[in-house]
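Reading through the structure tokens given below for one structure.
The values are calculated or read from the model by the stated rules, or taken from the named source; none is laboratory data. Values in this document were obtained by computation on a predicted structure and should not be read as measured data. Neighbour counts are summed over all protein chains in view; Cβ atoms, including those assigned to glycine, are modelled from backbone coordinates with ideal geometry. Areas reflect the complete protein model, heavy atoms only, side chains present, ligands, DNA and RNA absent. Shrake-Rupley method; radii C 1.70, N 1.55, O 1.52, S 1.80 Å.
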Amino acid sequence: MESCLIHEAVEAQQCRRPVILLTELSSGRQRLISPGDEVTGALGEEIGRRFAAGQSGSVEIGDERFFLEVRLPSPKLLIVGAVHIAQALAPMAQLAEFEVTIVDPRPAFATSERFSVGQKVVCDWPEDWLPENPLDAWSALACFTHEPNIDDQAIAHALDRDCFYIGALGGKKSQSKRLERLASRGLEPNKLARISGPIGLDIGSTTPAEIAVATLAEIISALRKR
């Protein structure tokens, strides 16, 4: 039974599905829990907190002690636009344990020389690259090109795939025009409301590095509140 549950947990990770392996420490009995599974009372509340925080550990509920082994998909960050902000954001996101990919169809920007070793840089249009490399609910999207013909398709894809964070560079006027364009594609208002624009937390950032800090902070906040 134990090996079967571990196999299921590994399979869930491979399929990028979050699970918690729950062990009753007194009996050794185990159970695999997915988000949405019915677990009542204080234990259910603790499981919800663990899914949000991504932290394994033991917990005492009444007379019982449990160990919760949290297995979450590794978060991904797709950066559209290999610009200066991306150069600052990519290494910071890697330190925060995101799998980072930078996509830009412009050869002058999308070069490995402009980024650190180990950072994946793809010279391609998002609309051509994404069908073979789809995002998911554990993915974040940050768009920095200011070019609707590059950013919009990626944003539409991210909305369709229920990414936990979607942000785009530009002021309120740019955001308004962006929403109008995407609405003309038939995207519903409740989906469009999920787009963060201007991108990043409002910390008064002005430089590329500061915007990158604000963006990563907002991404992490969205990940932990999902």
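Over all other residues within a Cβ to Cβ distance under 10 Å of Pro105, the charged ones net out to -4, with Lys and Arg as +1 and Asp and Glu as -1.
Summing charges over neighbours of Lys225, with a neighbour being any other residue whose Cβ is under 13 Å away from its Cβ, gives +3 when K and R count +1 and D and E count -1. Computed from label points 7 Å out along Cα-Cβ, the spacing between Leu5 and Leu95 is 3.8 nm. Dividing the Cα radius of gyration of the chain by 2.2 N^0.38 Å, with N the residue count, gives 1.15. Across segment 42-50, computed HN-Hα scalar couplings (Karplus, 6.51 cos²θ - 1.76 cosθ + 1.60, θ = phi - 60°) run 5, 5, x, 5, 5, 4, x, 5, 5 Hz from first to last residue, x flagging Gly and Pro.
Helical content alone sets the calculated 222 nm signal of the chain at -12000 deg cm²/dmol, taking -39,500 (n - 2.57) per DSSP H segment of four or more residues and averaging over every residue. For segment 189-200, putting each phi into the Karplus relation 6.51 cos²θ - 1.76 cosθ + 1.60 with θ = phi - 60° gives couplings of x, 5, 6, 4, 5, 7, 7, 7, x, x, 5, x Hz, in residue order, rounded to whole numbers and with x for Gly and Pro.
Note on Asn133/Asp63: beta-carbon distance plugged into 1/(1 + (r/R0)^6) with R0 of 41 Å gives a FRET efficiency of 0.25.
The label point for Ala52 and the one for Glu210, both projected 7 Å from the Cα toward the Cβ, are 3.1 nm apart.
Taking Lys and Arg as +1 and Asp and Glu as -1, the other residues whose beta-carbon sits under 11 Å from that of Val121 total -1. Amide H contacts under 5 Å for Glu99: Lys76, Leu77, restricted to partners 5 or more places along the chain or on a different chain, H placed in the peptide plane at 1.01 Å from N.
Restricting attention to the chain, the count of lysine pairs at 8 or more positions apart or across chains with alpha carbons under 20 Å apart stands at 6. Taking the DSSP beta bridges with both ends in the chain, the antiparallel portion is around 45 percent. Taking θ as phi - 60° and the Karplus parameters 6.51, -1.76 and 1.60, the scalar couplings of segment 212-226 work out to 5, 4, 4, 5, 5, 4, 5, 5, 5, 4, 5, 5, 7, 9, 5 Hz in sequence order, x denoting glycine and proline.
Note on Ala193 and His146: with the Förster distance fixed at 35 Å, the Cβ-Cβ geometry gives a FRET efficiency of about 0.95. What a 1.4 Å probe finds exposed on segment 46-154 is 50% carbon and sulfur by accessible area, rounded to a whole percent. Taking every alpha-carbon pair under 8 Å whose residues sit at least 6 apart, segment 1-80 reaches a relative contact order of 34 percent. Shape class for segment 179-225: oblate, because the ratio a/c of the largest to smallest gyration tensor axis (alpha-carbon atoms, square roots of eigenvalues) is 1.5 or more and b/c is at least a/b.
Computing FRET efficiency as 1/(1 + (r/R0)^6) for Lys225 and Glu113, where r is the C-beta to C-beta distance and R0 is 41 Å, gives about 0.65. In nm, to one decimal, how far is the Ala183 label point from the Glu24 one, both placed 7 Å along Cα→Cβ? According to this spin-label approximation, the distance is 5.5 nm.
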